[in-house]
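Below is one structure; the comments refer to it alone.
The values are calculated or read from the model by the stated rules, or taken from the named source; none is laboratory data. As the structure is a prediction and not an experimental result, all values here were calculated from the model. Here the Cβ positions follow ideal geometry from the backbone for every residue, glycine too, while neighbour counts run over all protein chains shown. Each accessible area value is taken on the protein alone, full model and side chains, heavy atoms only, with ligands, DNA and RNA left out. Shrake-Rupley method; radii C 1.70, N 1.55, O 1.52, S 1.80 Å.
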Amino acid sequence: MAMINRTRIARLGLTGIATTGAAAAALTLMPANAQAAEPVQAHASAVTASGNDSHGSSASQGGSAGSLDGWIKQSLAIMKAKGIPGSYEGLKRNIMRESGGNPSAQNNWDVNAKQGTPSKGLLQVIDPTFHAYHVAGTANSVTDPVANITAAANYAAHRYGSIDNVNSAY
């Protein structure tokens, strides 16, 4: 199985590099067809420019904590309260494409990573995007599953109208 993962990383790494050009210029989350498979080395934490507050890991705030289904449902509840559009199906489709459902996924080979800002988490968010679109009431960590999903959905809502409208690179 380890051999399959190495092959997959190498194959996707090359296609990810080929697709990053225009996407990177638009402060993307990650190339559409690249899936990060490396564990996060260190967790990022910073105060957002908007001064949004930080609570503990939102995965511990009820629901089916610790599962992709639970994280999506928690994010949807926050999104609804904050007026951020999106559906379970749109979130799950994008999560599976970006990280395969791995909240510790990190892309260490695309143009963002080469510039020092690797894409991280379920929806492969780079730190500047996370900081700009962090949603109050979620953890101030790009790798927190609920914070990652909710910030990415907030970004997609501002840029594309909804995460549901995203079917390729952000």
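Observations on the structure shown:
- Cα-only Debye scattering, the range 68-169: base-10 log of I(q)/I(0) at q = 0.23 Å⁻¹: -1.24
- Spatially proximal lysines relative to Lys73 (Cα-Cα < 18 Å; intrachain offsets below 8 disregarded): Lys82, Lys92
- Net +/- balance of residues flanking Lys92 in space, Cβ distance below 14 Å, scoring K and R +1, D and E -1: -1
- Measure of compaction for the range 83-135 (Cα Rg per 2.2 N^0.38 Å): 1.19
- Projected label distance in nm at Ala77 and Asn167, using a 7 Å step from Cα toward the beta-carbon: 3.2
- Scalar couplings 3J(HN,Hα) for the range 142-147, obtained by applying the Karplus form with A = 6.51, B = -1.76, C = 1.60 to θ = phi - 60°, are 4, 9, 5, x, 5, 5 Hz; x denotes Gly and Pro.
- Computed with a 1.4 Å probe over protein heavy atoms only, the accessible surface of the range 60-170 comes to 36 Å² per residue.
- Packing around the peptides 106-119, 132-145, 151-164, 79-92, taken as the average count of other Cβ atoms within 10 Å per residue, puts them in this order, highest first: 132-145, 151-164, 106-119, 79-92.
- Förster radius 25 Å - calculated FRET efficiency between His158 and Ser67 (Cβ-Cβ, nearest 0.05): 0.35
- Heavy-atom SASA rank of Ile126, Ile78 (probe 1.4 Å, accessible area, largest first): Ile78, Ile126
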